[in-house]
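Q: One structure is given below, represented as structure tokens, and several questions about it will come after.
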Amino acid sequence: MRLILVRHGETTWNRENRVQGRSDTPLSETGITQAERLAGSMEGERIDLIVSSPLRRAAETASIINRHIGAPVELDEDLMELDQGIFEGMSFQELSRDHGEFLKRWAADPASVIMPGGESLSALQERAWGAVCRITSSCDCALAVSHNFTITAILCKILKIPLSDFRRIRLENASKTIIEVGEGTFRATVINDTAHLE
């Protein structure tokens with residue numbers, strides 16, 4: 001079984017370095033172009049199913065991909081981004097100014113903190129892994145459109161990287177990551193492929 005993990009295209013908030021989390025931001029014009037190029041790179045691939053986070057930026061990316069490959073699209077709330085609680089919509093400058101102590105804890109040990117009014121990385125990983133298990137048991141080749149922290153948490157589990165070291169993984173907007181799934185095994189063969197954007 002093959003699972004292609006796609007991070008959604010760029011939004012204006014990505015460019016402005018704002019915390020998005022569960023905020024329902026649309027793709028920017030650049031994000032739409034990125035999604036089109038990503039979709040074009042997968043034309044001709046046999047993909048049985050597209051599963052997307054219901055957040056608009058992911059669902060729009062999934063819709064653009066669907067126009068190129070014609071696979072059915074399903075929405076799964078467990079693929080949503082980390083709920084960042086009171087930080088939603090804040091710029092990184094505002095975070096640094098108003099929540100410096102929390103950011104120090106987040107920098108020191110991100111796996112041990114819970115976003116105020118939101119969730120922890122471990123809670124995110126648990127729900128996202130549930131989505132991965134459902135998707136990989138349903139078909140031979142699926143594509144999942146999700147978010148930075150969500151895909152990173154999935155990869156941490158596959159690569160056996162502690163969540164406290166999640167920053168070792170970098171995912172660009174409209175990147176694709178390929179997971180080969182065997183009998184109880186998960187192997188990442190491609191991570192953060194953005195060749196289609198060049």
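Q: Hey, what angle do you get for helix 121-136 against the long axis of the chain, alpha-carbon based, 0 to 90 degrees rounded to 10?
A: Roughly 10 degrees between the two axes.
Q: Something else about it: Please report, in Å, the Rg and the Dmax of region 110-176, where both are computed over Cα atoms only.
A: 12.4, 39
Q: Helix 56-69: angle to the longest alpha-carbon principal axis of the chain, degrees 0 to 90, nearest 10?
A: 10
Q: Now for a separate question. Can you list residues whose amide H is under 5 Å from ALA144's amide H, if they're 5+ apart or on another chain and H is modeled 1.01 Å from N?
A: Counting only residues 5 or more places away or on other chains, the set is ILE4, LEU5, VAL6, VAL51.
Q: Give the peptides 91-97, 157-163 in descending order of average Cβ contacts within 10 Å, highest first.
A: On the way: 91-97: 12.6, 157-163: 14.1.
Going by the mean number of other Cβ atoms within 10 Å, highest first, we get 157-163, 91-97.
Q: Would you mind putting 111-119, 51-59, 180-188 in packing order, based on average other-beta-carbon counts within 10 Å, highest first? Display every interim value, and only then the final one.
A: Values: 111-119: 15.0, 51-59: 23.0, 180-188: 11.7.
Highest to lowest by the protection proxy: 51-59, 111-119, 180-188.
Q: Then there is this: Karplus couplings for region 4-21 from phi (6.51 cos²θ - 1.76 cosθ + 1.60, θ = phi - 60°), rounded to Hz, Gly and Pro as x?
A: For region 4-21, the Karplus-derived couplings read 9, 9, 10, 7, 4, x, 5, 10, 4, 5, 4, 5, 7, 6, 9, 6, 9, x Hz, x marking Gly and Pro.
Q: Related question: If you compute volume of the Cα convex hull per residue in Å³ for the structure shown, which of [x] 105; [y] 252; [z] 119 do you land on?
A: Correct label, based on the coordinates given: [x].
Q: Which shape class, rounded, prolate or oblate, goes with region 80-121 when its Cα gyration tensor gives a ≥ b ≥ c as root eigenvalues, a/c under 1.5 marks rounded, and past that a/b bigger than b/c marks prolate?
A: On the way: a/c = 2.07, a/b = 1.11, b/c = 1.88.
In terms of gyration-tensor shape, oblate.
Q: Name the shape class, rounded, prolate or oblate, that the alpha-carbon gyration tensor gives for region 64-169, where a ≥ b ≥ c are the square roots of its eigenvalues, rounded holds for a/c under 1.5, and otherwise prolate holds if a/b is larger than b/c and oblate otherwise.
A: Working: a/c = 2.58, a/b = 1.79, b/c = 1.44.
Here region 64-169 falls in the prolate category.
Q: Let me ask something else. Counting only DSSP beta bridges with both residues in the chain, what percent are antiparallel, rounded to the nearest 5?
A: Values: 13 of 26 bridges.
Just about 50 percent of them are antiparallel.
Q: Under 10 Å, Cα contacts only: if you run a Gaussian network model on the chain, which one of SER164, SER28, SER138 comes out with the highest mean-square fluctuation?
A: SER138
Q: Can you compute the charge dipole magnitude of region 1-143 about its Cα centre, using +1 on each Lys and Arg Cβ and -1 on each Asp and Glu Cβ, nothing else charged? Give it in debye, rounded to the nearest 20.
A: Values: 15 positive and 23 negative charges, 47 e Å.
The calculated dipole for region 1-143 is roughly 220 debye.
Q: What is the set of long-range amide H partners of SER175 at a cut-off below 5 Å, with H atoms built 1.01 Å from backbone N?
A: Under 5 Å from the amide H of SER175: ARG7.
Q: Might you report the magnitude of the Cβ-based charge dipole of region 1-78 about its Cα centre, with Lys and Arg at +1 and Asp and Glu at -1, to the nearest 20 debye?
A: Numbers: 10 positive and 13 negative charges, 41 e Å.
Charge dipole, region 1-78, about its Cα centre: 200 debye, nearest 20.
Q: Ok, one more. In deg cm²/dmol and to the nearest 500, what is the mean residue ellipticity at 222 nm of the chain if only DSSP H runs of at least 4 residues count, each as -39500 (n - 2.57), divided by the residue total?
A: Working: 7 runs with 75 residues, N = 198.
That calculation yields -11500 deg cm²/dmol at 222 nm.
Q: If you count, for each residue, the other Cβ atoms within 10 Å and average over each peptide, how do 38-46, 5-13 line up from highest to lowest? Mind dumping the intermediate values first?
A: Working: 38-46: 14.8, 5-13: 24.3.
The most tightly packed comes first, giving 5-13, 38-46.
Q: Continuing with this model, one more query. Mind checking the per residue accessible area of the chain for me, 1.4 Å probe, whole number of Å²?
A: Values: 9060 Å² over 198 residues.
Solvent-accessible surface per residue comes out at 46 Å².
Q: Counting only protein heavy atoms and a 1.4 Å probe, tell me what percentage of the chain's accessible area is made up of carbon and sulfur. Walk me through the intermediate numbers first.
A: On the way: 4210 of 9060 Å².
Ligands and nucleic acids excluded, carbon and sulfur give 46 percent.
The values are calculated or read from the model by the stated rules, or taken from the named source; none is laboratory data. What you see is a predicted model; the values in this text were computed from it and never measured. All Cβ positions, even for glycine, are placed from backbone atoms using ideal geometry, and neighbour counts span all protein chains on display. Surface accessibility is based on the protein's heavy atoms, side chains included, excluding ligands, DNA and RNA. Shrake-Rupley method; radii C 1.70, N 1.55, O 1.52, S 1.80 Å.
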